[in-house]
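Notes follow once the structure below has been shown.
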Amino acid sequence: MTASLEDLPLRDDLRGLAPYGAPQAPLPVALNVNENTHPVPQEVADDILDAIAIALREVNRYPDREFTALREGFADYLGHGLTADQIWAANGSNEVLQHLLQAFAGPGRTAFGFAPTYSMYPLLTRATGATWVAGVRGADFTIDAQDAASQISAASPDVVFLCAPNNPTGTPLTLDVIEAAYDATDGIVIVDEAYQEFAPHGTPSAVTLLPGRERLVVSRTMSKAFAFAGARVGYLAADPAVIDALRLVRLPYHLSALTQAAASAALRHASTMMRMVDDIREQRDRISATVEALGYRPYESWTNFVLFGGVEDPASTWKALYDRGVLIRDVGIPYHLRVTAGTADETTAFLDALASVGSAS
Ligand SMILES: Cc1ncc(COP(=O)(O)O)c(C=O)c1O
């Protein structure tokens with residue numbers, strides 16, 4: 001006989017919660033979790049393999065606890081005069097966010113975000129013992145500066161999440177909203193730029209707002225633009241004092257030597273990877289144009305995915321696509337579905353399958 005969760009002395013505040021659960025299914029076309037579906041180019045993969053081979057020779061030792069070379073790599077990549085002491089990294093930006101919540105949220109505290117937004121924010125918040133507070137977005141899932149500021153000052157949270165651009169809607173977020181949000185709170189403001197590289201060229205990053213704002217944090221990931229979801233590497237830029245706070249909660253040696261070596265090597269190929277990002281952007285725009293022609297309503301997206309409305313019965317459309325070998329995501333917004341931009345072939349497979357499923361509502 002096996003036990004169930006109810007039989008265990010689980011923390012009271014975790015009772016009844018559901019874990020993160022995007023379906024994993026071995027379908028030929030998987031466009032459901034906003035991965036970069038393009039394989040890492042051969043020359044980049046070769047360089048990464050060489051770097052891992054060198055790191056492996058010293059894997060009997062603990063890795064550099066301060067992942068110095070990698071932090072320098074991220075500072076160079078982000079630019080804007082950032083230095084390594086303003087950088088932190090962890091196993092995926094999920095862990096970066098977890099470190100932030102461990103340091104700045106926790107029991108008796110609150111974290112706030114504008115729903116619908118990244119589904120892990122409430123889960124990570126609750127796992128630290130803090131309370132999640134959901135704000136609301138305007139029409140088309142946008143947020144304006146004044147409304148953001150008044151919702152944040154009314155909620156008075158300890159941590160604010162601003163997902164820029166937003167998952168699962170793709171919605172851009174302008175810097176004036178971030179400035180207004182920052183001025184409306186004494187808490188930590190996290191701008192999650194997981195998809196920033198997919199924004200139009202020249203879009204300013206929240207990194208440009210860091211000088212003079214010691215409570216502002218800009219989080220990034222290698223999972224998307226760098227096609228590194230399986231390697232688990234996320235990072236952030238902030239005031240060095242924030243980085244000191246994160247040292248209080250991280251596990252010693254949390255970033256393996258192999259991860260550090262692989263990520264540093266991949267970063268050296270940023271320009272190659274950004275060419276791939278351009279290709280993905282093209283597929284994303286093709287999806288938007290084609291689903292619109294099919295009668296659905298795509299939302300403006302600055303990410304590697306498209307949310308589209310006008311889906312009469314999302315569960316049955318999702319299943320019909322599944323039966324045609326295409327996995328996309330029902331994110332729980334009524335009449336909407338979300339699809340990740342794939343390679344040209346995967347994108348064609350999705351668009352053909354959607355066309356064959358029938359018309360929009
Ligand atoms: C907005 C956002 N932030 C963070 C993440 C986490 O990415 P990772 O932990 O792979 O870096 C995701 C993943 O989909 C995301 O959509």
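Treating each Cα of the range 58-115 as an identical point scatterer and ignoring solvent, apply the Debye formula and state log10 I(q)/I(0) at q = 0.27 Å⁻¹.
Results for the range 58-115 at q = 0.27 Å⁻¹ read -1.09.
Once you keep just the Cα pairs under 8 angstrom separated by 6 or more residues, what percentage relative contact order results for the chain?
Relative contact order here is 23 percent.
When the chain is fully extended, how far beyond the present Cα-Cα distance does residue 134 get from residue 60, taking 0.36 nm per residue of separation?
That works out to 22.1 nm of additional length.
When all C-alpha to C-alpha distances in the chain are sorted into bins of 10 Å, what percent of pairs does each bin hold, rounded to whole numbers?
Going from the shortest bin to the longest, the percentages are 5, 23, 31, 27, 12, 1.
So, with +1 on the Cβ of K and R and -1 on the Cβ of D and E, and no other charges, what is the size of the charge dipole of the range 256-340 about its Cα centre, to the nearest 20 debye?
280 debye
Report, in order of residue number, the helices in the chain meeting two criteria: a C-alpha extent of 24 Å or more along the helix axis, and a mean Kyte-Doolittle hydropathy of at least -1.0; treat each whole DSSP H run as one helix.
270-293
Quick one: check the C-alpha center-to-center distance for the range 66-87 versus the range 157-187, whole angstrom.
23 Å
Can you give me the Rg/Rh ratio for the range 230-344, using Cα atoms for both radii and the Kirkwood formula for Rh?
Taking Rh as the inverse mean 1/r over Cα pairs, Rg/Rh reads 1.11.
Projecting each Cα onto the charge dipole of the chain (Lys/Arg +1, Asp/Glu -1 at the beta carbon, about the Cα centre), which of 304, 264, 4 comes out farthest on the positive side?
Sorting the options by dipole projection puts first 4.
Based on the mean of other Cβ atoms within 10 Å per residue, sort peptides 48-61, 5-18 so the most packed one is first.
Descending packing order for the listed peptides: 48-61, 5-18.
Taking the mean number of other Cβ atoms within 10 Å as a proxy for protection, how do you rank 199-211, 273-285 from highest to lowest?
273-285, 199-211
Would you work out if the range 116-233 is rounded, prolate or oblate? Take a ≥ b ≥ c from the square roots of the eigenvalues of the alpha-carbon gyration tensor; rounded if a/c is under 1.5, else prolate when a/b is larger than b/c, oblate otherwise.
Since a/c stays below 1.5, the shape of the range 116-233 is classed as rounded.
Have a look at the DSSP beta bridges in the chain and tell me what percent are antiparallel, nearest 5.
Looking only at bridges with both residues in the chain, the antiparallel portion is about 45 percent.
Looking at the range 93-251 only, what percent of DSSP beta bridges run antiparallel? Nearest 5 please.
20 percent
Provide Rg and Dmax in Å for the range 289-337, with only Cα atoms included in the calculation.
Considering the range 289-337 through its Cα atoms, Rg and Dmax are 10.6, 29 Å.
For the range 317-349 and the range 202-281, what is the centre-to-centre distance using only Cα atoms, to the nearest Å?
Each part's Cα centre sits 28 Å from the other's.
Quick note: the coordinates plus some simple rules give every number you see, no bench work behind them. Source: prediction; values computed, not measured. All Cβ positions, glycine included, derive from the backbone under ideal geometry; neighbour counts span all protein chains shown.
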